[in-house]
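Input: a single structure, listed below in structure tokens.
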Amino acid sequence: MRRADRLFLLVNALRGRRRAVLARELADTLGVSMRTVYRDVADLQRSGVPIEGEAGVGYVLRHGADIPPLMFDEDEIEAVVVGIRFARAFAGNRLSESAARALVKIEAAIPERIRACAERAAIMAPEWRGELSREFGALLDRLNEAIAARRVLRLDYRDESGDASTREVEPLCIVFWGGSWTLGAWCRLRGAFRQFRLNRIDAMDATGEIAADDPSRNLAALLREVRTNPAFAARPEARVSPRNALA
């Protein structure tokens, strides 16, 4: 890693932190020694970057500090462009439209040489969002907003056999499996994590309740359970828990 890149990554690792970050954490993040972190922090401080703290206590970027962004190199801008293409293709209407605006801004800001590299990025994504309709994009928007606000949802849901049920769920994430979409959630009826196929949700309403931030059933807990069940990551129909996960 170039030293200039490492210094910018160090600043970005401190950006927005409310607590001091120990040199050990920064070293692990950057893949360098603590001695290198101490030296880089001292160099940044001498150059005027408002980093406060000391060895053994940790470092923090002074609140409100205006640090210019790092210019992307060719590989980084290619990754950003590919990510934006996928957001335009598969995210909801709001994120799809925001991604298109972001791409215009990025292309206007980067040098011509880097822009040409971005345009040659060979990984594409068809802009159909999985269901060929703005209605489906609106559903993704509603689910995304409910997850951000921790709103409890009531779903009218059909399982694989076509049997209908009503579920109150605490939505945690939306997953696109390259052919199907699921909502990962804590199902109150089953008292366990479940994934719900979006094309089997017949109706959806907010209950007006805000889900508690319970560490035993939040997104981190869901991801931990997923990691213990490789079959879940292999196909969306797989189970999230030892019992049936799709209702």
(request) With +1 on each Lys and Arg Cβ and -1 on each Asp and Glu Cβ, and nothing else charged, work out how big the dipole of the range 123-208 is about its Cα centre, in Debye to the nearest 20. (result) 260 debye
(message) Full-extension gain between ARG3 and ARG150, please, as 0.36 nm times their residue separation minus the C-alpha to C-alpha distance.
(response) 48.8 nm
(request) Would you please give the FRET efficiency between ARG113 and ARG134, computed as 1/(1 + (r/R0)^6) with r the Cβ-Cβ distance and R0 = 35 Å, to the nearest 0.05? (result) 0.40
(request) Would you work out what percent of the accessible area of the chain, with all protein chains in place, is carbon or sulfur (probe 1.4 Å)? (result) 52 percent
(message) Distance between the C-alpha centers of the range 32-56 and the range 73-115? Whole Å please.
(response) 33 Å
(message) Keeping every protein chain present and rolling a 1.4 Å probe, give me the accessible area per residue for the chain in Å².
(response) 57 Å²
(message) What are the equivalent ellipsoid semi-axes of the chain, built from the alpha-carbon gyration tensor (square roots of five times its eigenvalues), in whole angstrom, biggest first?
(response) 40, 25, 16
(request) Determine the gain in length on full extension of the stretch MET34-GLU76; use 0.36 nm per residue of separation and subtract their C-alpha separation, reporting nm with one decimal. (result) 12.5 nm
(message) Around ARG113, under 12 Å between beta carbons, what's the net of Lys plus Arg minus Asp minus Glu among the other residues?
(response) -2
(message) Projecting each Cα onto the charge dipole of the range 157-235 (Lys/Arg +1, Asp/Glu -1 at the beta carbon, about the Cα centre), which of ILE201, TRP181, THR228 comes out farthest on the positive side?
(response) THR228
(request) Give the long-range amide H neighbours of VAL21: residues separated by 5 or more places, or on another chain, with amide H under 5 Å away, using H modelled in the peptide plane at 1.01 Å from N. (result) TYR59, VAL60
(request) Please give the contour-minus-distance gain from ASN229 to ALA121: 0.36 nm per residue of separation, less the Cα-Cα distance, rounded to one decimal in nm. (result) 35.5 nm
(message) Suppose only helical runs count, i.e. DSSP H with n ≥ 4. What mean residue ellipticity at 222 nm does that imply for the chain under -39500 (n - 2.57) per run, divided by all residues and rounded to the nearest 500 deg cm²/dmol?
(response) -13000 deg cm²/dmol
(message) Quick check for me: using +1 on Lys/Arg Cβ and -1 on Asp/Glu Cβ, what's the dipole size of the chain about its Cα centre, in debye to the nearest 20?
(response) 460 debye
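The values are calculated or read from the model by the stated rules, or taken from the named source; none is laboratory data. Quick caveat, the model's predicted, so the values are computed rather than measured. Cβ: placed from backbone, ideal geometry, glycine included. Neighbour counts: every protein chain shown. Ligands, DNA and RNA are excluded from the accessible area calculation, which covers all protein heavy atoms including side chains. Shrake-Rupley method; radii C 1.70, N 1.55, O 1.52, S 1.80 Å.
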